[in-house]
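Some notes on the structure that comes next.
Nothing in this text is a laboratory measurement; each read-out follows from the coordinates by a stated rule. Being a predicted model, the structure only gives us computed values, none of them experimental. Methodologically, a virtual Cβ is constructed for each residue, glycine included, from the backbone with ideal geometry; neighbour enumeration extends over all protein chains shown.
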Amino acid sequence: MASLFGFKPVRRVIVDSGVMEGALEIARNSHPREFAALLEGHREGDTLHVTGLIFLPSKTSDEGAVMDVLMLPPFTGAAGSVHSHPGPSNAPSPADIRFFSSNGIFHMIIAYPYRRETVAAYTRSGVPVAFEVAD
């Protein structure tokens, strides 16, 4: 995976269970509209540890979600993003990949019905990537 906060590659991604459960709950509560947030994280050696959600002003609908990333305060530790798809596909759209490419290195898409099994993760270029949830 690409580097974050430096040149060493990230080989492992761990998402805190609270972050995962929070994102799933927000996706369920937002249905059929999409929701979007940034992922807060930090490096621990070659591991990216995702520890929080960062919410920015956004516009959502049943066809998409747009965040105002220019409102992101500096030095927040944004490592990527998470958003929902109200349908059964968790594959990134071309617009998703454009967003991924300039907003961190780890991105999750949660598809309906918004369970852990319907979450997929991708690199900034849209390549599927494995991750773990720390329970």
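Here are a few things to note about the model shown:
- Estimated vicinal HN-Hα couplings, Hz - region 117-125 in sequence order (Karplus 6.51, -1.76, 1.60; Gly, Pro = x): 5, 9, 9, 10, 10, 9, 7, 5, 9
- Amide H contacts of SER84 (H built 1.01 Å from N, under 5 Å, at least 5 apart or other chain): PHE35, ILE110
- Residues in region 10-25 carry Karplus couplings, in order, of 8, 9, 9, 10, 10, 10, 4, 4, x, 5, 4, 5, x, 5, 4, 5 Hz; the curve used is 6.51 cos²θ - 1.76 cosθ + 1.60 with θ = phi - 60°, and Gly or Pro positions show x.
- A simple rule links phi to the HN-Hα coupling: the Karplus curve 6.51 cos²θ - 1.76 cosθ + 1.60 with θ = phi - 60°, which for region 127-134 gives 7, x, 9, 7, 8, 10, 10, 7 Hz, with x for Gly and Pro.
- Packing-based order for 99-108, 126-135, 10-19, 78-87, using average beta carbon neighbours within 10 Å, highest first: 78-87, 99-108, 10-19, 126-135
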